[in-house]
Every structure is written in C-alpha cells, then in structure tokens.
Protein chains: 2
Amino acid sequence: MTRLFGLTVTAVAVAATAFAASHANPALEGAVKARGAQMTMISYHTGLLGDMAKGDVPYDAAMATAAAENLAAAAAMKRATLWIEGSEQGAVEGSRAKAEIWSAPAGFEEKAVALEPAAATMVTAAGTDLEALRAAMGGIGGSCKGCHEAYRGPRN
Amino acid sequence: MTRLFGLTVTAVAVAATAFAASHANPALEGAVKARGAQMTMISYHTGLLGDMAKGDVPYDAAMATAAAENLAAAAAMKRATLWIEGSEQGAVEGSRAKAEIWSAPAGFEEKAVALEPAAATMVTAAGTDLEALRAAMGGIGGSCKGCHEAYRGPRN
C-alpha cells in the first residue's frame with residue numbers, strides 16, 4: 001500500500017512536470033529561444049577567434065575585430081528581456097537555466113557580467129596581433145565556464 | 001532521346017545541389033546558424049515591443065527600453081562575420097540568403113543598414129511613452145520588410 005502510494009505520487013509528479021513543460025507560456029518559450037540565440041552568437045564568434053588562436057584559420061585583424069565586437073554586443077545584451085522568471089529548466093522546454101538564477105540573483109549577475117570585460121579586452125586584443133588575441137582567449141573561456149558551471153543545468 | 005537527355009541533365013543538377021547542400025563547409029554552416037540567431041534576437045525583441053504596442057502586454061518603460069537596446073545591438077552586429085560569401089540559399093542548408101547579397105553588395109548594404117536608425121529611434125521612443133513606442137514600430141517593421149523582400153529567398 002505504501003509502495004503503491006509512492007508510485008502514484010511519482011506518477012502525478014511526472015504528469016505535472018510534463019504538463020508544465022508542454023503548456024509553458026509563449027512569452028517564456030520566446031525568452032528561452034532568445035537566450036539560445038544569444039548563446040549561439042557568443043559561441044560562434046568565440047569559435048572564429050579560437051580558430052585563429054589555434055592557427056586553423058589565418059589571423060585577420062579586421063575579421064577578428066568584427067568577431068570580438070559581435071561577441072561583446074551579444075555579451076552586453078540586457079538580461080531583463082531574456083532571463084524572465086519562470087523560464088528555468090523543467091518549466092520550459094529547452095531551458096537549462098537553474099532556478100538559483102532567480103532565487104539568488106546576485107550570484108548569477110556576478111557570473112553573467114564577467115563576459116563583458118573579457119569581451120572588451122578581446123575587442124582591443126583581436127585587432128592588435130595574433131599573440132594578443134591568443135592571450136585574451138582565456139578570459140572569454142573562463143567567464144563562459146564560470147557561469148555555466150554554476151547556473152547551467154544538465155543536458156535536456 | 002532528347003527527352004531522356006533532359007531528364008538525365010535534371011537528375012545530375014539535383015544530385016549536384018544535394019551534394020553542395022550536404023557537404024557545406026562547417027564555417028559556412030556556422031555563419032548561417034549565427035545569422036538565424038541574429039534574426040531570432042531581432043524578432044523576439046520586436047515581438048516584445050509589438051505586444052506592448054498592441055496592448056497585449058502592459059507598457060513597461062524599463063522593459064521596453066531593454067528590448068529596444070537589445071534589438072539595436074543585434075541590428076548593429078558587424079556583417080563581416082555573418083554574411084560570408086558562399087553561404088547563399090541552395091549552397092548551405094537552412095540559408096535563405098539570395099546570391100545578390102554578394103553579387104550586388106551595395107544594394108544589400110543599403111537595405112540591411114536601415115534597421116540601425118530605426119532601432120536607435122525605438123531606443124528613445126520605448127522609454128518615452130506608449131504613444132512614442134507605437135509611432136516607432138513602423139520603422140522597425142518597414143526595415144525588416146525592405147531587406148526581406150529584396151534579399152530573402154522562399155522558405156526552404
């Protein structure tokens with residue numbers, strides 16, 4: 001009887017989660033897609049710079065500067081429209097945002113904002129020379145990792 | 001015989017297109033995905049502003065300003081990293097970019113750049129009041145439409 005009750009409670013909890021994920025507010029779904037787009041812009045431009053840093057693509061000061069400027073623009077996007085409360089992992093399909101982003105926002109803000117100075121440093125470095133570009137890569141990767149380790153949930 | 005020859009040529013052309021689309025350079029595929037992300041950022045933020053303009057969502061000066069700033073940032077992204085030659089519709093899966101973007105770049109530049117002053121106008125308008133926000137919507141929609149009508153191909 002106890003076991004049966006436990007199974008019933010589990011089944012109800014699973015059904016409730018499925019309901020929440022499938023009936024998410026379109027505004028929250030839009031925010032999750034827009035965050036994904038922001039991450040795509042950041043990873044694409046970091047990849048362009050990384051390919052030059054590794055020597056897979058010839059260093060090109062103008063292209064590297066454009067990549068760093070786009071990376072900086074994506075990093076500086078206002079979080080108010082993107083990180084809308086209620087759009088955490090489990091509540092909206094595709095979201096990997098931990099609930100701590102909203103329950104303890106100061107910690108998230110500190111990690112999220114770290115990409116901005118790292119990207120600003122890259123804007124200058126990217127147009128200087130390949131050595132400067134390489135030296136600025138660690139700041140980009142470190143700020144990505146810092147926020148993801150603390151505030152990104154497991155793969156869906 | 002003539003008809004058979006025609007069919008053979010068609011089959012070869014279809015096979016060549018399929019080959020080109022499936023073996024696209026990862027750099028070109030990345031650029032197409034990043035352009036899609038840029039368009040998602042633009043449409044998401046235009047949608048937030050449009051929902052307020054229509055009265056579907058209450059006017060909120062701070063949220064409207066953040067949306068307009070993110071729209072302006074997405075519009076101002078450097079085209080050098082995104083509109084890479086060879087990433088036109090037919091050459092890369094998912095691309096709807098017409099070949100004229102590269103064969104007649106001045107015309108594209110004129111249409112593409114039009115969103116920047118429209119978005120800058122919206123940044124000021126969005127924080128002023130609902131009437132100003134509404135008045136600035138036409139400039140956003142018109143610049144989207146102007147570029148899409150001229151340089152975006154049919155749905156894939």
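Structure data summary
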read-out	value
The listed residue being among the hydrophobic types (A, V, I, L, M, F, W, C), within 27 Å of B:Leu82 (Cα to Cα) and surrounded by fewer than 17 Cβ atoms within 10 Å (Cβ to Cβ), out of A:Ala67, A:Ala135	A:Ala135
B:Cys147, sole failed condition from (1) of a type outside the set (Lys, Arg); (2) under 17 Å from the mean Cα position of the chain (by Cα); (3) loosely packed, with under 15 Cβ neighbours inside 10 Å	(3)
Subset of the stretch A:40-64 (residues that are assigned to a helix (DSSP H, G or I) and of a type in the set (A, V, I, L, M))	A:Met41, A:Ile42, A:Leu48, A:Leu49, A:Met52, A:Ala53, A:Ala61, A:Ala62, A:Met63, A:Ala64
Verdict on B:Lys78 being surrounded by 14 or more Cβ atoms within 10 Å (Cβ to Cβ), under 30 Å from A:Asp51 (Cα atoms) and either basic (Lys, Arg) or at pLDDT below 95 (or both)	yes
Members of the stretch A:72-123 found to be among the β-branched types (Val, Ile, Thr) and in contact (Cβ under 8 Å) with a residue 24 or more places away in the chain, listed by number	A:Thr81, A:Ile84, A:Val92, A:Ile101, A:Val123
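The values are calculated or read from the model by the stated rules, or taken from the named source; none is laboratory data. Everything numeric here is computed off the predicted structure, so don't read it as measured data. Note that each Cβ is placed from the backbone with ideal geometry, even for glycine, and that neighbours are counted across all protein chains shown.
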